[in-house]
Amino acid sequence: MYKAVGVTLVLAIAMVVFAVAGHKSTSAAEPNHSPILVELFTSEGCSSCPPADKLLAQLEREGTFNGHPIVVMGEHVDYWNGLGWSDRFSSSVFSERQSDFVRRLHLSSAYTPQMVINGRQELVGNDEAALRQALVRENAASPAIVSINLNGDSADIQVQNAPVGATAYLAITETALTTQVGRGENKGRQLQHAGVVRRLQKLGPIERSNFETRVRLATDRSWNPANVRVIAFVQSDRGIEGASSVRLP
């Protein structure tokens, strides 16, 4: 049910101007220090979600776990929007992605807050003890090596050693976002968010063990470029096979 946002990424970010032509920023994950991808399905309309949002922000600040970089993605679902507060970061794309995990992980239903670790484990998103245990279980190296090379207004994505049949994705996240909630379960609260997914795109299937593509990055004037990250990851039926993350220059 996952709905791709489109093969050609037009990521609204117009405020970002790459000031130095040809400036390069590169990130490549080494197999023995492969990143762990932590996805949080959350909503500003859910009273149980703010502690999970804080935990995701804590992970982002820590940056690593046992030598593995931590990549965070806050995905705001839209099924809370009819219950008093419409989350400005929400999208049906994230609700559908969560529904896909419900099927893959044989769960009875979707819920918030929910964390999914490397596409293989899920837990209540505000349970720090369960999160730390899940991270320990994900301490093995991922097989795929994913690299991102930002060059001017484009991103070159390269994948090595990925399983055939997997899918490459690209996400754009923004951190340090704040909302003053006016209605719903969190009425009167100021919520802070980390790693909010602004765009999520399916880049294409892995037809050979190696994959590469170039994506043109356009930008949106409402985003703060200092807080924006580009994330690439590979996902198969077994979960996340590899990931990488880099800040905009």
When you scan segment 183-249 for strands (runs of 3 or more DSSP E) that lie fully inside it, which ones turn up with 1 or more residues that are touching a Pro at 6+ places or on another chain (Cβ under 7 Å) and closer than 22 Å to VAL38 by Cβ? 190-193, 228-236, 239-247
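Of everything in segment 45-77, what is assigned to a loop (DSSP other than H, G, I, E, B), in contact (Cβ under 8 Å) with a residue 24 or more places away in the chain and within 17 Å of the chain's Cα centre (by Cα)? Give them in sequence order. Even if it seems obvious, please write down each step before you answer.
First, pick out the residues of segment 45-77 that are assigned to a loop (DSSP other than H, G, I, E, B): 45-48, 63, 66-67, 77.
Restricting the remaining residues to those that are in contact (Cβ under 8 Å) with a residue 24 or more places away in the chain gives 45-48, 66-67, 77.
The answer is VAL77, and nothing else.
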Got a number for residues in segment 165-188 being under 18 Å from GLN201 (Cα atoms) and either of a type in the set (Phe, Trp, Tyr) or out of contact with any Ser or Thr (no Cβ under 7 Å at 6 or more places or on another chain) (or both)? 8
First in segment 212-233 and surrounded by 13 or more Cβ atoms within 10 Å (Cβ to Cβ), second anywhere and at pLDDT 95 or above and assigned to a loop (DSSP other than H, G, I, E, B), Cβ under 6 Å, 6 or more apart: ASN227/THR175; ASN227/ALA176
Restrict the check to segment 127-142 and report whether at least one residue is surrounded by 16 or more Cβ atoms within 10 Å (Cβ to Cβ), on the phi < 0 side of the Ramachandran plot and within 16 Å of the chain's Cα centre (by Cα). no
Scan segment 121-150 residue by residue and report those that are touching a helix residue (DSSP H, G or I) at 6+ places or on another chain (Cβ under 9 Å), under 30 Å from ARG214 (Cβ atoms) and not aliphatic (A, V, I, L, M). SER142, PRO143
Starting from segment 104-128, take each residue that is free of Cβ contacts under 8 Å to residues at least 40 places away in the same chain and list its partners that are charged (D, E, K, R), counting only C-beta distances under 9 angstrom and pairs at least six apart or across chains. LEU105/ARG120; LEU105/GLU122; LEU107/GLU122; GLN121/ARG137; GLN121/GLU138
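Within segment 97-115, how many residues turn out to be assigned to a loop (DSSP other than H, G, I, E, B) and in contact with a Ser or Thr (Cβ under 8 Å, 6 or more places away or on another chain)? Steps first, answer last, please.
Within segment 97-115, the first condition is being assigned to a loop (DSSP other than H, G, I, E, B), and the residues that meet it are 105-113.
From what is left, the residues that are in contact with a Ser or Thr (Cβ under 8 Å, 6 or more places away or on another chain) are 110, 112-113.
So the answer is 3.
Out of the residues in segment 189-198 that are under 21 Å from GLY242 (Cα atoms) and either aliphatic (A, V, I, L, M) or modelled with pLDDT under 95 (or both), state the one that is nearest to the chain's Cα centre (by Cα). Spell out how you get there, then give the answer.
Pass one, segment 189-198, residues under 21 Å from GLY242 (Cα atoms): 195-198.
Within this subset, residues satisfying the condition of being either aliphatic (A, V, I, L, M) or modelled with pLDDT under 95 (or both) are 196-197.
Details: VAL196: 7, VAL197: 6 Å.
Per the criteria, the residue is VAL197.
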Would you pick out the residues in segment 143-156 that are buried (at least 23 other Cβ atoms within 10 Å of the Cβ) and over 12 Å from PRO249 (Cβ atoms)? ALA144, VAL146
Filter result for ALA166 (aliphatic (A, V, I, L, M) and either at pLDDT 95 or above or within 18 Å of the chain's Cα centre (by Cα) (or both)): yes
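Just need a number here: residues in segment 78-94 that are outside any loop (DSSP other than H, G, I, E, B) and either surrounded by fewer than 16 Cβ atoms within 10 Å (Cβ to Cβ) or without any contact (Cβ under 8 Å) to a residue 24 or more places away in the chain (or both).
Here is the first cut: in segment 78-94, the residues outside any loop (DSSP other than H, G, I, E, B) are 92-94.
Those left that are additionally either surrounded by fewer than 16 Cβ atoms within 10 Å (Cβ to Cβ) or without any contact (Cβ under 8 Å) to a residue 24 or more places away in the chain (or both): 92.
Count: 1.
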Return a yes/no flag: does segment 127-136 have any residue that is of a type outside the set (Asp, Glu) and assigned to a strand (DSSP E or B). no
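Matching residues to (1) among the aromatic types (Phe, Trp, Tyr); (2) modelled with pLDDT of 95 or more; (3) within 24 Å of ALA176 (Cα to Cα):
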site	(1), (2), (3)
SER25	no, no, yes
GLU62	no, yes, yes
TRP80	yes, yes, yes
SER92	no, yes, yes
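The values are calculated or read from the model by the stated rules, or taken from the named source; none is laboratory data. Note that the coordinates shown come from a computational prediction; the quantities given were computed from them, not determined experimentally. Cβ coordinates were reconstructed from backbone atoms using ideal geometry, including for glycine residues, and neighbour counts include every protein chain displayed.
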